[in-house]
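A quick write-up on the structure given underneath.
The values are calculated or read from the model by the stated rules, or taken from the named source; none is laboratory data. Remember, it's a predicted structure, so these values are computed and weren't measured experimentally. Cβ: placed from backbone, ideal geometry, glycine included. Neighbour counts: every protein chain shown. Side chains included, ligands, DNA and RNA excluded: accessible areas come from the protein's heavy atoms. Shrake-Rupley method; radii C 1.70, N 1.55, O 1.52, S 1.80 Å.
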Amino acid sequence: LDARLRVQMRGEIQRLQKALGITAVYVTHDQEEAMAISDRIAVMHQGVIVQEGSAETLYRRPASEFVAQFIGRTNLLRGRVAAATGDAIEVEVQGHRLRVAVEGASPAVGASVTLVVRPEAIAISPEGTGLAGTVLSRTFLGEKAEYQVRVGNETLQVTAYGAGGARTLAPGESVTLEVPSSGVWVLEAGT
């Protein structure tokens, strides 16, 4: 089905499910479609369910790097915990310290961690104090622009909304990326 008809069909499936009061099992490889029509999602890897929950839980709190990469676009920033204070940690990433809120027990100072940062959470600008990078590409998509930005030896995905009124950042331009302290999920090494 074309994209427009698929959106209509998933709405019809939801309507029928609710009207008839039935449970439906829907198998798809389209993550956006799964998130749009599901109350609960099970992510399988090599025949084993690795995480199950609501679309929002899987997107915002993935249990592993596999789930983070499987459910939506993401950036995985590897670093080491430099400091831990109460409900936040400071993580050394690409020579820059990022302060990140944590839920539950904080990883120990010195622990290797991976930060799961969704492209829409990162703010991009031509100047600032965050991660320094270089724009590799920009794709205009109407209400948003998607950037590929080189930071050290990593390429990060950044989604900037309101792209029509925002300053266009061109390939080759130096930029700064600000990673928020909340909305970042911390995975300890080995998860």
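Rounded, prolate or oblate for the range 42-191? Axes are the square roots of the Cα gyration tensor eigenvalues, ordered a ≥ b ≥ c, and the cut-off for rounded is a/c under 1.5. It comes out oblate by the Cα gyration axes. Measuring nothing but how far apart in sequence close Cα pairs (under 8 Å, 6+ apart) lie, relative to its length, the range 81-191 scores a relative contact order of 31 percent.
Sequence-distant contacts, meaning Cα pairs under 8 Å at least 6 residues apart, place the relative contact order of the chain at 18 percent. Accessible area ranking (1.4 Å probe, heavy atoms, ligands and nucleic acids excluded), largest first, for Asp30, Asp87: Asp87, Asp30.
Estimated from helices alone, the mean residue ellipticity of the chain at 222 nm is -5500 deg cm²/dmol (sum of -39500 (n - 2.57) over DSSP H runs with n ≥ 4, per residue).
Can you tell which of Thr159, Thr57, Thr74 shows the greatest fluctuation in a Gaussian network model of the chain with Cα springs below 10 Å? Largest GNM mean-square fluctuation: Thr57. The heavy atoms of Glu103 present about 110 square angstrom of accessible area, all protein chains included, probe 1.4 Å.
Summing charges over all other residues whose Cβ lies under 11 Å from the Cβ of Glu103, with Lys and Arg as +1 and Asp and Glu as -1, gives +1. Average accessible surface for the chain: 57 Å² per residue, computed with a 1.4 Å probe over protein heavy atoms with every protein chain in place. Element breakdown for the chain at a 1.4 angstrom probe: carbon and sulfur atoms account for 52% of the accessible area. If you sort Leu58, Leu141 by accessible surface, 1.4 Å probe, largest first, the order is Leu141, Leu58.
For the residues Ser106, Ser182, a 1.4 Å probe over the protein chains yields an accessible-area ranking, largest first, of Ser182, Ser106.
Counting only other residues whose beta carbon sits under 15 Å from that of His29, what net charge do I get with K and R as +1, D and E as -1? Around His29, the surrounding residues sum to -1.
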